[in-house]
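Trainee: One structure coming up, written as structure tokens, with questions to follow.
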Amino acid sequence: MRFSVITPCLNRADLLGATIESVLAQEYNDFEHWIIDGGSTDGTLDVLKRYADLRIVSEPDRGLYDAINKGIRLATGDVIVILNSDDLLVPGAFTISAEIFQHTVGTMIVSGGCQIFRNTPEGTEIEMHRYSDPREYALSLRNVTIGKPNLNARFFRRKVFAEIGEFHLAYPMSADRDFLIRVALRRLPDAPVAKVLYRYRWHAGSLTMNSGNTTLLAAMKENERIAQFYSGFSGLSASDLRNLRTLGKRSGATALMILALRGAWGEFCRDLVAKIVSDPSFVFVLSRAGTAAIFRRLRIWVTLQRNR
């Protein structure tokens, strides 16, 4: 069984080497690693020259998911793995996935657990979160909306993309969520495994792990659009419709909190009033989201203090 790893990147000279090494550390012979570079100018291409067997495309693109789509079209493997340029595969991930695909008839996706980690300025690695309970990420509409989407910890048979299609570029930050909703609605067979297969690196340049950044705000607004779009589908169960609406409300609440953190009070007030007029219960969603955010920040602070 051949694995095709697709890594989209732009100006990741500082982290890309570790990402590539995590693929080489799999000790699995049948794979290819595509680096789809958007035209880096920071020395990323010099890093890539150190690795003889990489397959490299370097040209302008229309963003992260355009790069991934290019990689999917070029891939020759049986299984597609999407590896971010700042993240890592866990050793043995290919072997675990290959065994499941080969021995579980009909499986289209292997869904693994993930770890979120960060490094202190002194170089100490700290685990921030670990998700290894399959109930949280087994492929279902609930889990890909209000649970743990974890696109990168899911290994896809190539035929998934033939059946579902590519990532939609209408969602530059949240095309992964849109894609997984399409997969979940199609009810493709999934094999969740109670092992961490993927490690997300939390750092200053993360696209969606820093509450004050513009990209996270854009992702939340895209999530609202995605939830609204799929809520209009016919044939949805009451549970599916509820999960989609919850995704929209929670994303809207998170977007408002980001606006508050950025001090964008005019936009905050306009959006808040519009949401409450549309749905008075939104005030309770915002209150719960705010409380959860406070406790999450407190937990992060405690974790960092313990590891000083």
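Readers should treat all values here as calculations from the given coordinates under stated rules, not as data from a laboratory. The structure presented is a predicted model; accordingly, all values stated were derived computationally and were not measured. We place every Cβ from the backbone using ideal geometry, glycine too, and count neighbours over all the protein chains shown.
Trainee: Once you sort the root eigenvalues of the Cα gyration tensor of segment 3-201 as a ≥ b ≥ c, which label holds: rounded (a/c under 1.5), prolate (a/b larger than b/c) or oblate (the other case)?
Mentor: Here segment 3-201 falls in the rounded category.
Trainee: Taking 7 Å along the Cα-to-C-beta vector as the label spot, tell me the CYS269-GLU136 distance in nanometres, rounded to one decimal.
Mentor: 3.9 nm
Trainee: Then there's this: Using Cβ contacts closer than 10 Å as the measure, can you line up LYS159, LYS49, LYS195, LYS249 from fewest to most?
Mentor: Ordered from fewest to most neighbouring Cβ atoms within 10 Å, LYS159, LYS49, LYS195, LYS249 come out as LYS49, LYS159, LYS195, LYS249.
Trainee: Determine, for SER22, SER231, SER97, SER278, the number of other Cβ atoms within 10 Å of each Cβ, and report the residues in order from fewest to most.
Mentor: Ordered by Cβ neighbours within 10 Å, fewest first: SER278, SER231, SER22, SER97.
Trainee: Another one. Got a sec? How would VAL273, VAL285 order by Cβ neighbour count within 10 Å, fewest to most?
Mentor: Going from least to most buried by this count: VAL273, VAL285.
Trainee: Would you mind checking which residues have amide H under 5 Å from VAL196's amide H? H placed 1.01 Å from N; only 5 or more apart, or other chain.
Mentor: Close amide H contacts, sequence-distant or interchain: GLY113.
Trainee: Give the percent of DSSP beta bridges with both residues in the chain that are antiparallel, rounded to the nearest 5.
Mentor: So the antiparallel bridges in the chain amount to around 35 percent.
Trainee: Where in segment 143-159 does the amide nitrogen come within less than 16 Å of the point 7 Å from the Cα of ASP30, taken along Cα to Cβ?
Mentor: Answer for this model: 156-159.
Trainee: If packing is taken as the average count of other Cβ atoms within 10 Å, what order do 254-266, 119-131 fall into, highest mean first?
Mentor: Result, highest mean first: 254-266, 119-131.
Trainee: Now, a different point. Amide H to amide H, which residues 5 or more places from PHE31 or on other chains are under 5 Å from it, using H placed in the peptide plane?
Mentor: Those lying under 5 Å, H to H, from PHE31 are PHE3.
Trainee: Rounding to the nearest 10 and keeping the result within 0 to 90°, find how far the Cα-based axis of helix 64-74 lies from the longest principal axis of the chain.
Mentor: Between the helix axis and the principal axis of the chain, the angle is about 30 degrees.
Trainee: Percent relative contact order of the chain, based on C-alpha pairs within less than 8 angstrom and at least six residues apart?
Mentor: This gives 16 percent for the chain.
Trainee: Okay, next question. Compute the long axis of helix 175-186 from its Cα atoms, compare it with the longest principal axis of the Cα atoms of the chain, and write down the angle in degrees, 0 to 90, nearest 10.
Mentor: Compared with the principal axis, the helix lies near 90 degrees.
Trainee: May I pose another question? Computed over the Cα atoms of segment 214-306, what is the convex hull's projected area averaged over all directions, in nm²?
Mentor: 7.1 nm²
Trainee: Give the distance, in whole Å, between the Cα centre of segment 221-280 and the Cα centre of segment 31-57.
Mentor: Each part reduced to its Cα centre gives a spacing of 38 Å.
Trainee: Taking the chain as the reference, fit the longest principal axis to its C-alpha atoms, fit the long axis of helix 265-278 to the helix C-alpha atoms, and give the angle between the two in degrees, 0 to 90, nearest 10.
Mentor: 70 degrees
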